[in-house]
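Notes for the one structure printed next.
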Amino acid sequence: MKKTLLLFLLLTASVFAQQQTVTYSFSPTTFEESTAVTITVNGSSVNEAAWGVTANALYMWAWAFDIDDTNQKGTPLNGSWTSSDEASKFTYNSASDTYTKTFTPTTYYNTTAIGKIGFLIKAKDGSGDKKSQDILAEVGIFQANLSAPAVNSSTIIASGGSLNIVANNTNGNASYNLKANGVSINTNANTSSYSYNHTNIIANQNYELVVTQGATAVSKKFSVILNPGTISAVMPSDLFDGVNYNTADATKATLVLDAPLKDFVYVAGSFNAWQPNTNYAMKKDPSSGKFWLELTGLTADINYTYQYWVVDTTPISGTPSQVKTADPYSTLVLSPDDDPYIPAVSYPNLPVYPAGQEREVTVLQTGQTPFAWSTATTNFVKPEKDKLVVYELLVRDFDAARSYQSVIDKMDYFKNLKINAIELLPVMEFEGNESWGYNTSFHMALDKFYGTSSKLKELIDVCHQNGIAVILDVALNHAFDRNPMVRMWMNDPDGDGWGSPSAENPYFNIEAMHSYNVGSDFNHQKLRTQNYVKRVIKQWIEEYKIDGFRWDLTKGFTQKCPSSVAGGQDNCTNSFQQDRIDVLKSYADYSWSLDATHYTIFEHLGTDTEEQQWANYRIDDSVSKGIMMWGKMTEQYNQLTMGYNSENNISRMSSTAHGFTKNRLMGYAESHDEERLMYKNIQYGANLNGYNVKTPATALSRMSALGAVTLLVPGPKMIYHFGELGWDISIFACNNGTVNTSIDAIAGDCKLDTKPQPQWVNNWLADNNRNKVYTDWAKMITMKIKEPVFSGIATISSSSLTPTIKITNSSLASSQLKDVLVLANFDLATKNVPTGFPNTGTWYNLMDNTSINVTDVNAPIGIPAGEFRIYGNKVANLAIANFEKETEIYLYPNPATNYFTLNMASSKVQIYSVTGQLIKSFKGSQTASHQFNVSDLSYGIYVVKAYNDDDELQVMKFVKK
């Protein structure tokens, strides 16, 4: 049975233990769903020590099926896989060395009409396979048993062959009705045992045996697949794996599947009522060995769904003979598990999952109209790498609406912050809906939870219209259980349709070859894997106009570090590995072959020697390359913001400290993986002589200084969403409002939980303390992007709470802003901060243009606790022009819910209906940050007239939602 919550354990190392087989009994042995039943487990059959269990703490992980044994149902009291609910705990009886649990199925599983219950026994934290075998039990005094063939099995026969069906039931006689492809072919109205031999079978059959006793009917399903033999035919040379649309004829599409070691494949879909005959047996190309089939008679703009029925007539031990799977190269898949919970407002007109099927299905549609990209996208010029300020964003947690549309609606928020790139955590089809996205199952398909393909493209296009690049986080070192390339070659000894890669798998390792694995580990030395990765790259660059990829966990791309490696797997994983250097260079080369300015970013967090291989790669090309490397500096910067004078050296924020030829370090103080700085400031901040970092206002006042010593360091930089507003809710905040930072819980247990939205609900921008951080960071980002000095070199003096950063660009003239000195005081009292100006004379505070006269270049400057200074040899004219003298006047947010703000000072603001009626007026001088309350307006479109002090008029529209 698939353990759904296992999909979300994305940050733990892969540690596998032998699954234990425990002995157990039920009392009573047969029971109704409303009957209390006791499970007794023999304690001697459980090796608690192997699971790390103390105090005899064992738990039940449960699931249930409907009366047809087909679909899961109910919401048992499981808790999470890493932290079982106490309601699921067994009671230990020391005298008899047994574990017992008594429950009533309808109550415990929170459902009715239960046909079968399932459970396993586990440690409270079940990671590392600390669990028993799956245990199943029929529910009800009346039970039907299918002896042959097995329930939900597929029997492979030659055309004209036969199938023997044998079944029996409890509690007296019952009626039997055998249906084949929906038509009744045999009945027996009064028996407790049933046998029938279906002969001369010449077509694929879907069987249903319905057993009825009184008012209760139980259904058992199984099927027969005819072996069509090998249909050898040369495949057209211009086809690729997946769906090939015929651009000249919308009635046709050709499917291609690479399935080595498989004997035959059927295509089942809505175009053949999910009952394929031999006309839908795929042909096999004699040269490549690939299966292919041209579909005809299709209608343009109609959503068709299909699966591959992939068959191995002589499977190796423990692997299935038949697997039903979606297309590995799907661009849209439907899921029976996830789709019912996708909001219609996020994905209107979602194609309907086909009734009666199982597993994911692929959607194909001929005659699609291409998305109409604006010239802003087709002519988009990406920001220079060393000028990038990337805003890392999880769509699910950015706004309560959790949609691409909600991000589009907040575009002014990004514009005002001045960032020039957004990085989306993975949006490829992932398992479940509430996820960070790293549990990817279909890398070429867009997950539907956040919106449609066209809506993501609209978001990308709107970003480009505003000068913002879009980067995707991609997890290509692994795939999760629903991935077709896992399932087609999997170990599945219990026959539940889920498993890990088998020895025959042409894409995945049986054992992870690095110490950070989750899911199934891709073997990137295999040509098929490399071809698959390149198809994924091509899809997102060409179809979605994505500007760059952030490659997750690049340490996982080696094949040199099995668990048995000398010196230990973790040490090997973190050491220099040439094979991953080479394969990752090849992926970067392919990206650049499609888009010469494509951003390639690696989350490696490894040794400088290995990272230099990438950061300096092709750096001197005519279009300068070089792979950007994530530079995690969370602990050092958090020590500063908390006010602790130890382990706070930030010198490695500079690319030169890593030996990079150019500025290719994407340094950051926060990312999705680390605890929030503000949370730790408030929880653990220093307190001395009345200056208490734990005070929220004090903690916030230090965040502007953080921006000064992070954002302005030359090279690409990144912020995690709402760090600019001083987000102070723990990254380990749970859905129930608690915080779980236990080191025993995988990734903090609640790390992946959906987070609240106080930044919008409580209007954090209206909070002066938070708004100051946002505004200060915006000013710094503007400087970084607009002023050439910040493409220079940084020298960081950092061994205390008063770091000094000297930035110079020697290519600039002395008449330009070519030297910058950043000073900060993270101590708990006013300090004389060391300086080291390059020369005497007039220096300008770039935050407010005030000047100082420097007569002694080494004279310290007194700075209050938590504050900073940014001095330049000249005024930042380019940044000021961009930040303070906007030629475009605009209103934000738009649409607005409770208020809007103008980016201009105003003397009068009037709101009109679209028919010209004056609805509301605001009189009196207001600053550019003033919030105009519109909470009392009805939904609709309005016209705003804004006047400045010179009585100049600007007319704008806004939407009240």
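The values are calculated or read from the model by the stated rules, or taken from the named source; none is laboratory data. From a predicted model like this one, the values you see are computed outputs, not experimental measurements. For neighbour counting, all protein chains shown are included, and Cβ atoms are generated from backbone atoms with ideal geometry for every residue, glycine included.
Total residues in the range 481-500 satisfying the condition of being surrounded by fewer than 24 Cβ atoms within 10 Å (Cβ to Cβ) and either over 25 Å from the mean Cα position of the chain (by Cα) or not hydrophobic (A, V, I, L, M, F, W, C) (or both): the figure is 10.
Quick check on my filter: what residues within the range 540-555 are under 21 Å from His604 (Cα atoms) and either not assigned by TED's automatic domain parsing to the domain that holds Ile471 or not aromatic (Phe, Trp, Tyr) (or both)? Passing the criteria: Asp547, Gly548, Arg550, Asp552, Leu553, Thr554, Lys555.
Considering only residues that are surrounded by fewer than 24 Cβ atoms within 10 Å (Cβ to Cβ) and under 8 Å from the mean Cα position of the chain (by Cα), look in the range 429-441 and name the one that is farthest from Val474 (Cα to Cα). Lay out the reasoning, then the answer.
In the first step, residues of the range 429-441 are kept if they are surrounded by fewer than 24 Cβ atoms within 10 Å (Cβ to Cβ); the result is 432-436.
Those left that are additionally under 8 Å from the mean Cα position of the chain (by Cα): 435-436.
Values: Ser435: 14, Trp436: 11 Å.
The qualifying residue farthest from Val474 (Cα to Cα) is Ser435.
Within the range 845-867, the only residue that satisfies the criterion of being under 26 Å from Met642 (Cβ atoms), free of Cβ contacts under 8 Å to residues at least 40 places away in the same chain and β-branched (Val, Ile, Thr) is Ile861. Across the range 302-310, not a single residue is classified as of a type in the set (A, V, I, L, M), modelled with pLDDT under 95, under 24 Å from Ala148 (Cα atoms) and buried (at least 18 other Cβ atoms within 10 Å of the Cβ). Looking across the range 802-834, the residues that are within 19 Å of Ser654 (Cβ to Cβ) and in a loop (DSSP other than H, G, I, E, B) come down to Thr802, Pro803, Asn809, Ser810, Ser811, Leu812, Lys818, Phe826, Pro834.
Condition check ((1) at pLDDT 90 or above; (2) polar (S, T, N, Q); (3) under 39 Å from the mean Cα position of the chain (by Cα)) across all residues:
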{"position": "Phe16", "(1), (2), (3)": "no, no, yes"}
{"position": "Gln20", "(1), (2), (3)": "no, yes, yes"}
{"position": "Val41", "(1), (2), (3)": "yes, no, yes"}
{"position": "Ser44", "(1), (2), (3)": "yes, yes, no"}
{"position": "Ala50", "(1), (2), (3)": "no, no, yes"}
{"position": "Asn56", "(1), (2), (3)": "yes, yes, yes"}
{"position": "Ile67", "(1), (2), (3)": "no, no, yes"}
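The residue list Ile601, Ile537 contains one member that is assigned by TED's automatic domain parsing to the domain that holds Phe442 and farther than 30 Å from Lys262 by Cβ, which is Ile601.
Being in a strand (DSSP E or B) and of a type in the set (Lys, Arg) is the filter here; which residues of the range 857-881 pass it? Write out each step before concluding.
Our first condition is that a residue be in a strand (DSSP E or B); within the range 857-881, this holds for 861-863, 868-872.
Answer for the range 857-881, where residues must be in a strand (DSSP E or B) and of a type in the set (Lys, Arg): just Arg869.
Residue by residue through the range 254-276, note down the ones that are surrounded by 21 or more Cβ atoms within 10 Å (Cβ to Cβ) and among the small types (Gly, Ala, Ser). Correct list: Ala259, Ala268, Gly269.
Which fully enclosed helices (runs of 4 or more DSSP H) of the range 653-723 have 2 or more residues being within 25 Å of the chain's Cα centre (by Cα)? Lay out the reasoning, then the answer.
Details: elements: 677-684, 696-701, 703-710.
Of the helices (runs of 4 or more DSSP H) lying wholly inside the range 653-723, those with at least 2 residues that are within 25 Å of the chain's Cα centre (by Cα) span 677-684.
For the range 210-254, a tally of residues being touching a residue at least 60 places away in the same chain (Cβ under 8 Å), over 36 Å from the mean Cα position of the chain (by Cα) and on the phi > 0 side of the Ramachandran plot returns 1. Output yes when any residue across the range 575-588 is closer than 30 Å to Lys455 by Cβ and of a type outside the set (Val, Ile, Thr), and no when none is. Yes; the residues of the range 575-588 include at least one that is closer than 30 Å to Lys455 by Cβ and of a type outside the set (Val, Ile, Thr).
Answer yes if at least one residue in the range 707-717 is at pLDDT 95 or above, surrounded by fewer than 19 Cβ atoms within 10 Å (Cβ to Cβ), at negative phi and not assigned by TED's automatic domain parsing to the domain that holds Pro426, and no otherwise. Please lay out each step first, then the result.
Initially, the range 707-717 is screened for residues at pLDDT 95 or above, giving 707-717.
Still in the running and surrounded by fewer than 19 Cβ atoms within 10 Å (Cβ to Cβ): none.
Among the residues of the range 707-717, not one is at pLDDT 95 or above, surrounded by fewer than 19 Cβ atoms within 10 Å (Cβ to Cβ), at negative phi and not assigned by TED's automatic domain parsing to the domain that holds Pro426, which makes the answer no.
Suppose the filter is of a type outside the set (Lys, Arg) and crowded, with 22+ Cβ neighbours inside 10 Å; does Ile541 pass it? It is false that Ile541 is of a type outside the set (Lys, Arg) and crowded, with 22+ Cβ neighbours inside 10 Å.
Given Gln917, Gln910, Gln954, which one is surrounded by fewer than 14 Cβ atoms within 10 Å (Cβ to Cβ) and outside the structural domain of Asn771 (by TED's automatic domain parsing)? Explain how you work it out, then say what you get.
Values: Gln910 fails: surrounded by fewer than 14 Cβ atoms within 10 Å (Cβ to Cβ); Gln954 fails: surrounded by fewer than 14 Cβ atoms within 10 Å (Cβ to Cβ).
Residue meeting the stated conditions: Gln917.
If you filter the range 156-180 down to residues that are closer than 27 Å to Ala203 by Cα and among the polar types (S, T, N, Q), you find that the one that is surrounded by the fewest Cβ atoms within 10 Å (Cβ to Cβ) is Ser162. Reported count of residues in the range 17-53, each being under 28 Å from Ala512 (Cβ atoms) and either in contact with a His (Cβ under 8 Å, 6 or more places away or on another chain) or in a loop (DSSP other than H, G, I, E, B) (or both), is 9.
Of the residues Leu878, Leu891, only one is over 17 Å from Asp949 (Cβ atoms), surrounded by fewer than 19 Cβ atoms within 10 Å (Cβ to Cβ) and in contact (Cβ under 8 Å) with a residue 60 or more places away in the chain; which? I'd like the intermediate steps shown before the answer.
Numbers: Leu891 fails: surrounded by fewer than 19 Cβ atoms within 10 Å (Cβ to Cβ).
Residue meeting the stated conditions: Leu878.
Restricting attention to the range 340-370 and to residues that are under 29 Å from Gly182 (Cβ atoms) and hydroxyl-bearing (Ser, Thr, Tyr), the residue that is surrounded by the most Cβ atoms within 10 Å (Cβ to Cβ) turns out to be Thr362. Scanning the range 599-624 for residues that are surrounded by 20 or more Cβ atoms within 10 Å (Cβ to Cβ) and in contact (Cβ under 8 Å) with a residue 60 or more places away in the chain turns up Tyr599, Ile601.
Mind listing just one residue for me: the one in the range 732-782 that is of a type in the set (Gly, Ala, Ser) and in a helix (DSSP H, G or I) and, of those, modelled with the highest pLDDT? Even if it seems obvious, please write down each step before you answer.
Let us first name the residues in the range 732-782 that are of a type in the set (Gly, Ala, Ser), namely 733, 737, 742, 745, 747-748, 766, 778.
Next, only the ones that are in a helix (DSSP H, G or I) stay: 747-748, 766, 778.
Values: Ala747: 39, Gly748: 49, Ala766: 91, Ala778: 96.
It comes out as Ala778.
Let's see how each residue does on (1) without any contact (Cβ under 8 Å) to a residue 40 or more places away in the chain; (2) aromatic (Phe, Trp, Tyr); (3) surrounded by fewer than 19 Cβ atoms within 10 Å (Cβ to Cβ):
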residue: Ile807; (1), (2), (3): no, no, no
residue: Leu812; (1), (2), (3): yes, no, yes
residue: Val820; (1), (2), (3): no, no, no
residue: Leu823; (1), (2), (3): no, no, no
residue: Phe826; (1), (2), (3): no, yes, no
residue: Asn832; (1), (2), (3): yes, no, yes
residue: Asn839; (1), (2), (3): yes, no, yes
residue: Trp843; (1), (2), (3): yes, yes, no
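Can you confirm whether Ile302 is closer than 24 Å to Ala445 by Cβ and not polar (S, T, N, Q)? Yes, satisfied.
Let's see how each residue does on (1) in the same structural domain as Lys221 (by TED's automatic domain parsing); (2) of a type in the set (Val, Ile, Thr); (3) within 33 Å of the chain's Cα centre (by Cα); (4) surrounded by 22 or more Cβ atoms within 10 Å (Cβ to Cβ):
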position: Asn93; (1), (2), (3), (4): no, no, no, no
position: Lys101; (1), (2), (3), (4): no, no, no, no
position: Pro105; (1), (2), (3), (4): no, no, no, yes
position: Thr111; (1), (2), (3), (4): no, yes, yes, no
position: Ile117; (1), (2), (3), (4): no, yes, yes, yes
position: Leu120; (1), (2), (3), (4): no, no, yes, no
position: Asp125; (1), (2), (3), (4): no, no, yes, yes
position: Asp129; (1), (2), (3), (4): no, no, yes, no
position: Gln133; (1), (2), (3), (4): no, no, yes, no
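Of all residues in the range 633-687, exactly one satisfies the criterion of being among the charged types (D, E, K, R), closer than 15 Å to Ser799 by Cα and surrounded by 18 or more Cβ atoms within 10 Å (Cβ to Cβ), namely Arg652. Among residues of the range 385-412 that are assigned to a helix (DSSP H, G or I), those with a Cβ under 6 angstrom from a residue that is polar (S, T, N, Q) and crowded, with 23+ Cβ neighbours inside 10 Å, sequence gap 6+ or separate chain, pair up as Asp386/Asn663.
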